[in-house]
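Step one of this worksheet: look at the structure below.
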Amino acid sequence: MSERLILAIETSCDETAASVYSSTRGVCSSVVFSQIALHKQFGGVVPEIASRSHLQKISIVAQQALTDAQLSLEKIDAFGVVNRPGLPGSLLVGVCFAKALALCKNKPLIAVNHLEAHIFSSFLEHDVPFPHLCLLASGGHTGLYLVHGFGDYQLMGRTLDDAAGEAFDKVAKVIQLPYPGGPELEHLAAQVNYHDFLHYPRNKQKTVDFSFSGLKTAILYDLVARGFYNLKERQLCASLSIHEKQQVASSLLNCVADIFIDKILCAYNAHPTIKALTFVGGVACNTFLRAQLTAWGQLHGLVLYTPAARYCTDNAAMVALVAYYQLQAGNCAGLQLDIEY
Ligand code: KG4
Ligand code: ZN
């Protein structure tokens, strides 16, 4: 089979990313410009700033992806782009850019679902058997999927309120850690060996749907009860020592690990024939959560596959992989392609 080359673009949130993917050689390049430094001072992503930054960076990032792959634009066989879900202004930048490339090079344009790209991101490095369960946990989404094949998957349960990463970011903000909170919490929890100090409540419901807002509230009320937080002023009234922050971080990670395992168990009981587990999205960077899920998988004879950290957080390599199998299936978009959010 002759080689096919895809250039994929990802601008759904606060990373401007481009990647060249080869059907025979895999990922040839993956360039990510993270906007974290731009949004840090606001404690979260500011949509207007995000779309403007995408506009400034997109062509530089795409050019870098071609340079890293040692290819010219002429060699590209198709253009993939995330058109859903995401921040509207950010999605528009990527979609317009990819449309322009497809139009001027007269090559196919492929619309990719950002969540589907995460779901199949483990295939960038592993050959995961089907069917398997995929836990997707990022800043914007948390869900469990039953994955039957490429492009063939079904949502079993999702968060009814906050995403797991969002809960991390919000709790981190309360205890005055920088954005994004997930890596900061992991760093603090590692210093106390991931001990569960505070035993936050686990809500054991027998459904596959997640809920993290109750946990966030429980943490807040625990801080109020211990005289650290003023609910009326919605801010800390006494500063937490480093050890107190470590305790919150470590206890939160333990609670989230238990919630993940509880939901995976529910899904597994409904589909005991699954052959593996995958854990994807930004939260899957977390080494403690990976270790807990790996241990659970071992108990049930299931291997847990996780992408390398650079493919857990938003990137365009995972988009290119999905674009490639969509191209093979003939699922190309027209130049009237719109965003969905
Ligand atoms: O997948 P991602 O890059 O963007 C979205 O699609 O949302 O995920 C970002 C999320 C943030 O909420 C961040 O706090 C979380 O992933 N995250 C982590 C870690 N690294 C990133 N959460 C826990 N532990 C980490 N090491
Ligand atoms: Zn994402």
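Relative to the longest principal axis of the Cα atoms of the chain, the long axis of helix 181-191 makes an angle of roughly 50 degrees. Using just its DSSP H runs of length 4 or more, each adding -39500 (n - 2.57), the chain gives a mean residue ellipticity at 222 nm of -13500 deg cm²/dmol after division by all residues. Modelled this way, with points 7 Å down the Cα-to-C-beta line, the labels at Val224 and Leu160 are 2.1 nm from one another. The angle between the Cα long axis of helix 88-105 and the longest principal axis of the Cα atoms of the chain comes to about 20 degrees, rounded to the nearest 10.
Maximal additional length on extending the Arg310-Gln298 stretch stands at 1.8 nm, based on 0.36 nm per residue less the C-alpha distance. Within the stretch 1-158, antiparallel bridges make up roughly 75 percent of the DSSP beta bridges whose residues both belong there.
To the nearest 0.05, how large is the calculated FRET efficiency for Thr217 and Cys237 if R₀ is 22 Å and r is the Cβ-Cβ distance? With a Förster radius of 22 Å, E is 0.80.
For the chain, the antiparallel share of DSSP beta bridges with both residues in that region comes to about 60%.
As a calculated quantity, the FRET efficiency between Asp338 and Asp68 at R0 = 30 Å, using C-beta atoms, amounts to about 0.50. Residue ranges 112-118, 284-290 sort as 112-118, 284-290 when ordered by packing (mean number of other C-beta atoms within 10 Å per residue, highest first).
What does the highest-first list of 313-322, 33-42, 182-191, 128-137 look like by mean Cβ count within 10 Å?
313-322, 128-137, 182-191, 33-42
Helix 164-174 versus the longest principal axis of the chain: what angle, 0 to 90°, nearest 10, using Cα atoms? Approximately 50 degrees, to the nearest 10.
For the stretch 1-101, the calculated P(r), taken from all Cα-Cα distances in 5 Å bins from zero up to the bin holding the longest distance, is 2, 15, 25, 23, 16, 11, 6, 2, 1, 0 percent.
Length gained on full extension, Glu3 to Phe130: 43.2 nm, using 0.36 nm per residue less the C-alpha separation. Residue separation of Asn106 and Asn269 scaled by 0.36 nm, minus their Cα-Cα distance, works out to 53.8 nm of gained length. DSSP beta bridges fully contained in the stretch 78-198 are about 70 percent antiparallel.
Pairs exceeding a 20 Å alpha-carbon distance, out of Lys170/Lys204; Lys57/Lys99; Lys216/Lys245; Lys40/Lys173; Lys75/Lys105; Lys57/Lys170: Lys170/Lys204; Lys57/Lys170.
Each peptide in 17-27, 3-13, 326-336, 258-268 gets a packing score, the mean of other Cβ atoms within 10 Å over its residues, and the list from highest to lowest is 3-13, 17-27, 258-268, 326-336.
Model label points for Ser34 and Ala190, set 7 angstrom from Cα along the Cα-to-Cβ axis, are 1.3 nm apart.
A short reminder: the numbers here are calculations on the coordinates, not readings from a lab. Quantities reported herein were computed from a predicted structural model and do not represent experimental measurements. Positions of Cβ are backbone-derived with ideal geometry, glycine not excepted, and every protein chain shown enters the neighbour counts.
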